[in-house]
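As structure tokens, the structure follows; a few thoughts come after it.
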Amino acid sequence: MSLADLDDEVRAFIAKSESFYPASANEASPAENRAIYDRMCAAFDRPRPPGLVVTDETLSATDPARTLPIRRYRPPSAPRGRLVLYFHGGGFVVGGLHSHDGVCAELAAASEHELVALDYRLAPEHLYPAALDDAEAAYLSLHSTAQRIVVAGDSAGGNLAAALCLRLRRKGLPLPVGQVLIYPGLHPKAGRAEGTWRADVPMLRASDILVYRRLYTGQDASDTKDAELAPLAAKDFAGLPPAAIFAADIDPLAEDAADYAAALRAAGGAATLDPGIGLVHGHLRGRHSSARIKRNFSEIAAALHSLCA
């Protein structure tokens, strides 16, 4: 696969996404970039599916002085006690309940299961492991009332879902019944795609990943041995939940998805991998713009349904 193989609909999705970013975006503050990102995401949304009950709530945080904002999406036929805990993408720096509202609403409706989206703390104001601490606290709070939880997320959110499974295993705590990772960033070397054809593709460049890693950690952590920062740094993948992994082939993170699936299988675990042929990073937003992305979105929803059931 190469850039020449992008179809016209995906190219149009890329052009629309990039049109929201001015030339000065690299000099913008985190707050300004968050506003740009939210506007871009909203431009691709449709009204929420009919019948979906959506409520904004809070969960207990590790720090009793704080609470964790969540948004709960419940389809009318969703079974009780089974849910998806979703972590949004955005490099740990941008994104939140608003940026992924449409994605989460439609995943809940299509999977026919309740979905809870977490508004975790963002960098650089809150450095690693703040986001993962929030993910753990939200999971444990929800686990007290749910029999089956699947953790899921896109990009940075996929990292959090995988890292959370490793942390829970390390602590001997109950694990989710499954993990669904969508174009996740998992490798200890943040710039591993530099020097390859994927280093400078649309939507995400290898150099961007290095910037996000520095913002997330507050230091130069381009290479790390911390598996809860970069799950592929783990030395043991045994006993982790079954995984459905969805890559984007035209993405510097493509090999992360493939390597994680291979690591789980080598340790005796279950993992499926969709290589995302012809897809780019962040393509979830294009589910109403491209037939190829729409099919991929339906497959993600089906994986959530299967793991939750």
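Along the charge dipole of region 4-143, Cβ charges K/R +1 and D/E -1, which of Ala28, Leu6, Thr58 sits furthest on the positive end?
Thr58
Give me the percent of DSSP beta bridges within the chain that run antiparallel, rounded to the nearest 5.
Numbers: 14 of 39 bridges.
So the antiparallel bridges amount to about 35 percent of the total.
Taking the Cα centre of each part, how many Å lie between region 251-270 and region 79-153?
22
Could you list the residues of region 1-35 with an amide nitrogen less than 18 Å from a label point located 7 Å from the Cα of Ala258 in the Cα-to-C-beta direction?
Of the residues in region 1-35, 1-6 have backbone N under 18 Å from the label point off Ala258.
Provide the net charge surrounding Asp8, with neighbours chosen by a C-beta distance below 14 Å and charges set as Lys +1, Arg +1, Asp -1, Glu -1. Walk me through the numbers on the way to the answer.
On the way: positive: Arg11, Lys16, Arg292; negative: Asp5, Asp7, Glu9.
Summing Lys/Arg as +1 and Asp/Glu as -1 gives 0.
Using the Karplus curve 6.51 cos²θ - 1.76 cosθ + 1.60 with θ = phi - 60°, work out ³J(HN,Hα) for each residue of region 58-67 in order, rounded to whole Hz, and write x for Gly and Pro.
3J(HN,Hα) across region 58-67, in whole Hz: 9, 10, 6, 9, 4, 7, x, 7, 10, 10.
Using unit Cβ charges (K, R positive; D, E negative) and no other charged atoms, how large, in debye to the nearest 20, is the dipole of region 3-308 about its Cα centre? Walk me through the intermediate numbers first.
Numbers: 32 positive and 37 negative charges, 156 e Å.
The calculation lands at about 760 debye.
Treat the count of other C-beta atoms within 10 Å as a stand-in for reagent exposure and order Thr62, Thr272, Thr55 from fewest to most. Before the final figure, lay out the partial values.
Values: Thr62 12, Thr272 16, Thr55 9.
Ascending number of Cβ neighbours within 10 Å: Thr55, Thr62, Thr272.
Could you list the chymotrypsin sites (Phe, Trp or Tyr not before Pro) in region 186-217 that lie in coil according to DSSP, counting only those with at most 12 other Cβ atoms within 10 Å of their Cβ?
On the way: sites: Trp197, Tyr212, Tyr216; in loops: Trp197.
Those that pass, being in a loop and sparsely packed, are Trp197.
Ignoring everything except DSSP H segments at least 4 long, calculate the 222 nm mean residue ellipticity for the chain; use -39,500 (n - 2.57) per segment, divide by total residues, nearest 500.
So the helix-based figure for the chain works out to -11500 deg cm²/dmol.
Select from Ser24, Ser77, Ser207 the residue whose mean-square fluctuation is largest in a Gaussian network model of the chain (Cα-Cα springs shorter than 10 Å).
Answer for the Gaussian network model of the chain: Ser24.
What is the fewest-to-most order of Arg295, Arg34 by other Cβ atoms lying within 10 Å of their Cβ?
Numbers: Arg295 11, Arg34 19.
The order, fewest Cβ neighbours first, is Arg295, Arg34.
Any idea how far the Cα center of region 193-238 sits from the one of region 32-78, in Å?
Result: 27 Å between the Cα centres.
Specify whether the C-alpha gyration tensor of region 1-128 places it in the rounded, prolate or oblate class, a ≥ b ≥ c being the square roots of the eigenvalues: rounded for a/c under 1.5, otherwise prolate if a/b is larger than b/c and oblate if not. Before the final figure, lay out the partial values.
Numbers: a/c = 2.31, a/b = 1.23, b/c = 1.88.
Because a/c hits 1.5 or more and a/b fails to exceed b/c, region 1-128 counts as oblate.
Radius of gyration and Dmax for region 217-277's Cα atoms, expressed in Å?
12.6, 36
Each reported figure results from applying straightforward, stated rules to the coordinates on display, with no laboratory input. A quick note: this is a predicted structure, and the numbers were derived from the prediction, not measured. Every residue, glycine among them, receives a Cβ derived from its backbone with ideal geometry; neighbour counts consider all protein chains shown.
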